[in-house]
C-alpha cells in the first residue's frame, strides 16, 4: 500500500487546501494507505518538504493550484519521486490536462491504484530563473500580465478573476516585437503573446494549445499576432474551445528547445506565477516526472 505525504497550500483557491484534502484523505486511510500532512508557508518551503518526503520513498501529493503543482513537480523532476495532485486552486490546469476528477472517490481511486505515468517537464533558464523546472506552460506577453492582475485581485474569484485580468491587460497592451528561436530556427513575430505549452490548458481552463500533450517530448509554441483589440477579445473567447487555432492570426510551432526574446521588456510567467522578464530559454525534459493519473483520460 502506498505511503503519501500531502503538501498543502493553506491559502489555495476559494477555500483552504486542507478542506479539499479532507475527503480524499479519509478515503486513502480507509483503504489502508498511510498519509501524513504537511502545511507549507511558502513555495520554497513546500518544495523542501516534497524533496525530503521523496527521499524517504513516499508519494508526494501537491494540494493546491497550478503554482503548487508546478513548483513541487519541478522540484521532484528527475528524482524518480512519484507525484500525485489534489486540485485545490483556482485554475488547476495541469490537473485538467491529466484528466484528474474533482470527485473525491474517483480521485482517491487514482491515487491508490493508478500506475505512475511519466510526463514531460519544462526547464526554464533566464537571469532570474536559473534552471527552474515547471510543468504546464510558459507564456510571454499579455497573458503573463493578465495572470498578474488576476492573482492580485481581491474582489473576484475563479474564472471571473482571469477574465477581468485579461480585460485589464489587453486594454493597456502594446504589441511587442519578438524573436522566437525553435530548435535553432529563428522566427520574427509581432503580437500579443508567445506560449510554450506542455499542457493544452492555461488561464483557468482555456484551451490554448489543443494539440499539446504532456508526454510527447515536444512543446507546442503558440504565437498570437498583432490584431485589432476587438478581434483579440474574440480570440480570447475562442480559447474556451480551441477554435482560435484556425485563425490566420494564430501560428503554432513545435520543438524541443525554445528561446524567446523581445525588443522591449515583456513579462513572462510559468504555471501561474509571474516573476520575470524576457529573454528566457526553455527546454523540454522528456518523461522526467512520474505522476499518478490514467493516460487514457489525459486532455479529455
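The values are calculated or read from the model by the stated rules, or taken from the named source; none is laboratory data. Because the structure is predicted, anything quoted here is derived from the model rather than measured. All Cβ positions, glycine included, derive from the backbone under ideal geometry; neighbour counts span all protein chains shown.
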- prompt: Quick one: in the stretch 240-273, which of the residues that are part of a strand (DSSP E or B) and within 17 Å of the chain's Cα centre (by Cα) is surrounded by the most Cβ atoms within 10 Å (Cβ to Cβ)?
  reply: 270
- request: State whether one or more residues within the stretch 7-21 are touching a helix residue (DSSP H, G or I) at 6+ places or on another chain (Cβ under 7 Å), closer than 21 Å to residue 134 by Cβ and modelled with pLDDT of 95 or more.
  value: yes
task: Consider residue 96 carefully, then state whether it is closer than 29 Å to residue 193 by Cα, assigned by TED's automatic domain parsing to the domain that holds residue 219 and surrounded by fewer than 24 Cβ atoms within 10 Å (Cβ to Cβ).
output: no
statement: Only one of (1) out of contact with any helix residue (DSSP H, G or I) (no Cβ under 9 Å at 6 or more places or on another chain); (2) modelled with pLDDT of 95 or more does not apply to residue 250, and that is (1)
message: So, residue 33, is that one in contact (Cβ under 8 Å) with a residue 40 or more places away in the chain and within 18 Å of residue 107 (Cα to Cα) or not?
response: yes
task: Scan (1) at pLDDT below 95; (2) buried (at least 21 other Cβ atoms within 10 Å of the Cβ); (3) more than 16 Å from the chain's Cα centre (by Cα) for the single condition residue 226 breaks and write down its number.
output: (2)
message: Looking at 280, 291, 266, 245, can you tell me which residue is touching a strand residue (DSSP E or B) at 6+ places or on another chain (Cβ under 7 Å) and within 12 Å of residue 193 (Cβ to Cβ)?
response: 266
query: Which residues, taken from the stretch 186-207, are out of contact with any helix residue (DSSP H, G or I) (no Cβ under 8 Å at 6 or more places or on another chain) and closer than 23 Å to residue 264 by Cβ?
result: 186, 187, 188, 189, 190, 191, 194, 196
task: Assess whether residue 27 counts as being surrounded by fewer than 24 Cβ atoms within 10 Å (Cβ to Cβ) and either on the phi < 0 side of the Ramachandran plot or not in a helix (DSSP H, G or I) (or both).
output: yes
- prompt: Does the stretch 41-51 contain at least one residue that is at positive phi, in contact (Cβ under 8 Å) with a residue 12 or more places away in the chain, surrounded by fewer than 24 Cβ atoms within 10 Å (Cβ to Cβ) and not assigned by TED's automatic domain parsing to the domain that holds residue 282?
  reply: no
message: Being crowded, with 17+ Cβ neighbours inside 10 Å and either free of Cβ contacts under 8 Å to residues at least 60 places away in the same chain or not in a strand (DSSP E or B) (or both): is that true of residue 220 here?
response: yes
message: If I go through the stretch 167-181 residue by residue, how many of them are within 10 Å of residue 229 (Cα to Cα) and either surrounded by 15 or more Cβ atoms within 10 Å (Cβ to Cβ) or in contact with a strand residue (DSSP E or B) (Cβ under 6 Å, 6 or more places away or on another chain) (or both)?
response: 2
query: Looking at (1) in a helix (DSSP H, G or I); (2) touching a strand residue (DSSP E or B) at 6+ places or on another chain (Cβ under 6 Å), which is the only condition residue 37 fails?
result: (1)
